[in-house]
Every structure is written in C-alpha cells, then in structure tokens.
Amino acid sequence: HVVSSGRPANVWASQALFVDAPARDRLHVAARCLSAPLDAVVRSVPPDGRILDFGCGHGLISLALGLRAPTCDVEGVDVDEHKMWCAQQAVAQGGLGERVRFRTITPKWKPRTAAYDSVVVCDVLYLLGHQTARLMVRDLGAAVRPGGRLIIKEMSEVPRWKNRLDRSQEHLAVRTLGYTVGDRVEPFGVERIAHQLRSDGWSAGIQRLDRHYPHPHALVVGTAPDKLVH
C-alpha cells in the first residue's frame, strides 16, 4: 500500500515550519514526530488529487503531504482552534498556501459525499467512543470517491502490553494535561475498523507500524469499491 513519489515523506520537515509557534506547541509537535510513525502514514497517501486530513491536530501530516508533492490539494480540519492557528502559521512559513489549507470545524461537521480522492485519519477515533467512531468511519468513507483511499492510523489491540501502556498515557494526555481535545479514551482498534470497511464492500488491509515503538501503532488502508453504496 506504500505510494512512492518524487519527494520522500518527512514529517520533521513539517515540524521545522513551527519555528514561530509557542514553545508548548513546538514541544508537542516534536513529541508527535518522535512517538508516532507519521512518515509511514504519509507514504500510504497517493501523492495526487484532493486529500482530507480529518482531525489533523497541528497539521503535521497535511504539511508533509504538501511538501512532498506539488500536485496535491490538502484540506486539514480539526475542532481545536488554537492548533488550526498554529497550522496556518506553518503553512505561511513553508509557502504552501496554494495546496494546503486548514480550518476549524465543529464536532458535528461531516465531509461532503465523494469529495476527496483520499481521506486520512490519524489517532482520532479513540476519542469519539465506539458508536460515534463507527458512524465517523462510514461518513469518512462516504467522502471518498469510487476507487479512492481511506487511511486510518489507530492502535492495534495487540500486543496487549503495548495497548495497556497506550491507554494509560492517553488518559493522562486527555484528562490531566489537556494536550488533546476529548472527554474520553475508548480505543477503536484497527481490527474493528478493517472489519467494518470490508463489511461495506471495501478492500482493507492492516499494516503493523509498532517496530521500535512502545505503542501498538497500526495502519488500515482501505480502497473504495468502484461503485460505492452508502
């Protein structure tokens, strides 16, 4: 499922664009680069077409996509207004305004049907609760054009010791430190996501990304059927 392009994925190049961001945000962005295999997520996104980065946070993946290929049109959306402000400053720093844009959305926002060639979701669904996460996977799948791609990075349920470690740290980040907007931590594992997509007629595979990481990072890459049924 890895897509090659003329320029390699490198989220550290995105991180460098936050030079004028507040220190707390620079620290958060650097921690994300170190703690998660974001380059692998970027490599799984086709370099062309219109791309939605849902729940993009500070926009590291959106920015990396924009830096990688001049032929993409990336829209990053998130409910955190401050992170969107930081992301917009990074866009200006990198001169990416023609192909990367960010905007703040409400929790009830839904993407338009068949509006994107690819949709990326990175470490978002675990904050929504299982019922809302199921509906969100369906809504985001509906936003993908026939034959397009849905890329979802979440945690795997195995190995269990990594899963337990991840849960405890996410509870700290969400409820105590407030680094992430959310009111719960309820993992919606990649196994569940892949099963749901296959039930809806997609082809979907799981790629383990946790080698050398203490957390069970994994990626679901789904390809929409040529004729979508929603």
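Only one of the numbered conditions (1) outside any helix (DSSP H, G or I); (2) open to solvent by 20 Å² or more (accessible area, probe 1.4 Å); (3) at pLDDT 90 or above is violated by Leu150, and that is (2). Scanning the range 18-36 for residues that are part of a helix (DSSP H, G or I) and open to solvent by 20 Å² or more (accessible area, probe 1.4 Å) gives Ala23, Arg24, Arg26, Leu27, His28, Ala30, Ala31, Arg32, Leu34, Ser35.
Results for (1) under 17 Å from Leu140 (Cβ atoms); (2) modelled with pLDDT of 95 or more, shown as yes or no for each residue.
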site: Asp25; (1), (2): no, yes
site: Ser44; (1), (2): yes, yes
site: Arg50; (1), (2): yes, yes
site: Cys56; (1), (2): yes, yes
site: Gly59; (1), (2): no, yes
site: Ala64; (1), (2): no, yes
site: Pro70; (1), (2): no, no
site: Asp73; (1), (2): no, yes
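Being closer than 24 Å to Ile193 by Cα, in contact with a Cys (Cβ under 6 Å, 6 or more places away or on another chain) and among the small types (Gly, Ala, Ser) is true of Ser62.
Here the strands (runs of 3 or more DSSP E) wholly within the range 37-117 that include at least 2 residues being open to solvent by 10 Å² or more (accessible area, probe 1.4 Å) and of a type in the set (D, E, K, R) are 72-78, 100-104. Any residue at all in the range 40-60 that is out of contact with any strand residue (DSSP E or B) (no Cβ under 9 Å at 6 or more places or on another chain) and under 25 Å from Gly205 (Cα atoms)? The answer is yes; a qualifying residue exists. Can you say whether Arg138 is open to solvent by 50 Å² or more (accessible area, probe 1.4 Å) and closer than 22 Å to Gly189 by Cα, as far as the supplied structure shows? Considered against the rule, which asks whether it is open to solvent by 50 Å² or more (accessible area, probe 1.4 Å) and closer than 22 Å to Gly189 by Cα, Arg138 comes out as yes. Of all residues in the range 205-216, at least one satisfies being modelled with pLDDT of 65 or more, polar (S, T, N, Q) and within 17 Å of the chain's Cα centre (by Cα).
Name the pairs: first residue in the range 94-105 and closer than 17 Å to Gly57 by Cα, second residue open to solvent by 60 Å² or more (accessible area, probe 1.4 Å), Cβ to Cβ under 7 Å, at least 6 apart or on different chains? Final answer for the pair search is Phe102/Gln88; Thr104/Val79; Thr104/Glu81; Ile105/Val79.
Restricted to the range 77-132, and to residues there that are in contact with a Leu (Cβ under 8 Å, 6 or more places away or on another chain) and small (Gly, Ala, Ser), the residue that is nearest to Val220 (Cα to Cα) is Ser118.
The values are calculated or read from the model by the stated rules, or taken from the named source; none is laboratory data. Bear in mind the structure is a predicted one, so any value in this text is a computation, not a measurement. All Cβ positions, glycine included, derive from the backbone under ideal geometry; neighbour counts span all protein chains shown. These accessible areas exclude ligands, DNA and RNA; they are computed on the full protein's heavy atoms, side chains included. Shrake-Rupley method; radii C 1.70, N 1.55, O 1.52, S 1.80 Å.
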